[in-house]
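The values are calculated or read from the model by the stated rules, or taken from the named source; none is laboratory data. Quick caveat, the model's predicted, so the values are computed rather than measured. Backbone-built Cβ (ideal geometry, glycine too); neighbour counts: all protein chains shown. These area figures cover heavy atoms from the full protein model, side chains too; ligands, DNA and RNA do not enter into them. Shrake-Rupley method; radii C 1.70, N 1.55, O 1.52, S 1.80 Å.
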Amino acid sequence: MMGQHLAITAMNGAPPPPMPERVSSWAIYEIFNTADGQQVFIGITSDGQWKRFCDVFRQQPLAADPKLATNNQRIEARPWLVPKVAEVFKRCSKEEVERLCLEADISFAPVARPQDLFDHPHLLANGSLAATTLPGGVKTRLPLLPFQMLGWRPPLTMDPPEIGQHNDEVLAEIGYDAGQITALKSAGLLGPR
């Protein structure tokens, strides 16, 4: 999705405003609240998706409105259409919205809080979280790089360092000798360690 925004920026020379203020290529491309206080991002990006949304979510008046027949017409109608669609989702639980979006074959993604990701089934199933020890001895799981090549994913090679943990090694790599490093430590110019 970012490629489109980058192309528009390159073509018109102006950086895009932050979402949701920017001009959208789609009428429905928003985060919506659900009846149970959760949020779901939903993108209805084609005329086919719009028809399926109206059918599955039982929005026949919207489907029959000639002012909403095409994506461009729906973009023009955004000021009143998005709040109307928001009310549809607000009447459903997050689970129901997701089930109906799957049934309608429209794009959606639950909006997760960072703490929800520790137990996210997808991240756990595909090995995306690595056991990690943080400074201070805190044990947790953190995401690996979201990159795979031929089924191989770069592993976690080391835990995040304590402040100053690698001072000596880093300084030696850039040319400081042991005496210079000791002098920097004595002068209080390096962090702990």
*Can you tell me the dipole magnitude for region 152-193 around its Cα centre, using point charges on the Cβ only (Lys, Arg +1; Asp, Glu -1), in Debye to the nearest 20?*
100 debye
*Estimated 222 nm signal from helices in the chain, with DSSP H stretches of n ≥ 4 weighted -39500 (n - 2.57), rounded to 500*: -11000 deg cm²/dmol
*Would you mind computing, in nm to one decimal, how far apart the modelled labels at ASP159 and ALA172 are, each placed 7 Å from Cα along Cα→Cβ?*
2.2 nm
_Placing one identical point scatterer on every Cα of the chain and ignoring solvent, what is log10 I(q)/I(0) from the Debye formula at q = 0.12, 0.19 Å⁻¹?_
-0.83, -1.26
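Could you report region 29-107's accessible area per residue, 1.4 Å probe, as an integer in Å²? Write down the numbers at each step before the final one.
Working: 4310 Å² over 79 residues.
With the other protein chains kept in place, region 29-107 gives 55 Å² per residue.
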_Accessible solvent surface per residue of region 109-148, calculated while the other protein chains remain in place, 1.4 angstrom probe, Å²_ = 71 Å²
